[in-house]
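A.B. asks: Structure below; questions to follow.
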Amino acid sequence: MKNAAPQEASAGKVPRAAVRVMLADDNLDHATSIAMLLRTAGYDVRALPSGTLLLEQFSVFDPQVVILDLAMPQLTGYDVARILRDDKRGAEVLMIAVTCYNNNTDRLMTKRAGFDHHIAKPVDPNTLTALIRDYLAGNRPVRIDVIPDYEIQR
C-alpha cells in the first residue's frame, strides 16, 4: 500500500496522506470515531473538542476539509462555518456538517451557513469518505449564496 501515494501523485491526484482534515465535535466518542475512520482511510486528521480551537488552529494546519458538529458550546458549527466562509482562507475548503439535526429546515440552515454537505449522525463511513474523494477528484459542490428567509421556518 505504500506505493499508492507516489502513483496517485504521478497521476495528478493529491495523495490522501497529503490531505488535511480538521474535525470539531464536543462529543469525544464521536470525534474519536470519525478521526479513526479518516486516518484509516489515509487522511491527516486533527480532531478538536470545539469550534473555537478549530478556528485558532485553522491557519497553521491549513486543511482542505472541515467537518463540524452543529451543536457545540461557545461557537456552534454554524458560527464556525460562517466565519470560515467570510475569510478567504476558508473559501475553498470542503465543509461538512455532521449532526443529529436532520430536518429540511436544518439542511437549509447548513447551506445558508456555508456548508457543502449535511450528514446525519450516526455517520455512514462510506458516505463521508465518498464526499471527500469526490471533492478531491474535482467535483466541487454547488454553493447557495442566498436562501430567502421565508424558506427557513423554525
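A.B. asks: Among the residues of the stretch 88-95, is any at pLDDT 95 or above and surrounded by fewer than 13 Cβ atoms within 10 Å (Cβ to Cβ)?
C.D. replies: No, every residue in the stretch 88-95 fails to be at pLDDT 95 or above and surrounded by fewer than 13 Cβ atoms within 10 Å (Cβ to Cβ).
A.B. asks: Still on this structure: Looking at the stretch 22-74, which of its residues are more than 22 Å from E92 (Cβ to Cβ) and basic (K, R)?
C.D. replies: R39
Every residue, every condition in (1) buried (at least 17 other Cβ atoms within 10 Å of the Cβ); (2) of a type in the set (D, E, K, R); (3) more than 23 Å from G138 (Cα to Cα); (4) in contact (Cβ under 8 Å) with a residue 24 or more places away in the chain, yes or no:
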residue	(1), (2), (3), (4)
M36	no, no, yes, no
A41	no, no, no, yes
G51	yes, no, yes, yes
V65	yes, no, no, yes
G114	yes, no, no, yes
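A.B. asks: Collect the residues in the stretch 116-135 that are surrounded by fewer than 19 Cβ atoms within 10 Å (Cβ to Cβ) and in a helix (DSSP H, G or I), keeping them in residue-number order.
C.D. replies: P125, N126, T127, T129, A130, R133, D134
A.B. asks: Condition first: of a type in the set (D, E) and within 19 Å of T110 (Cβ to Cβ). Now tell me which residues in the stretch 32-87 satisfy that.
C.D. replies: D69, D79, D86, D87
The values are calculated or read from the model by the stated rules, or taken from the named source; none is laboratory data. Predicted model, so just to flag it, every value in this text is computed and none were measured. No Cβ is skipped: glycine too gets one built from the backbone with ideal geometry, and neighbour counts run over all protein chains shown.
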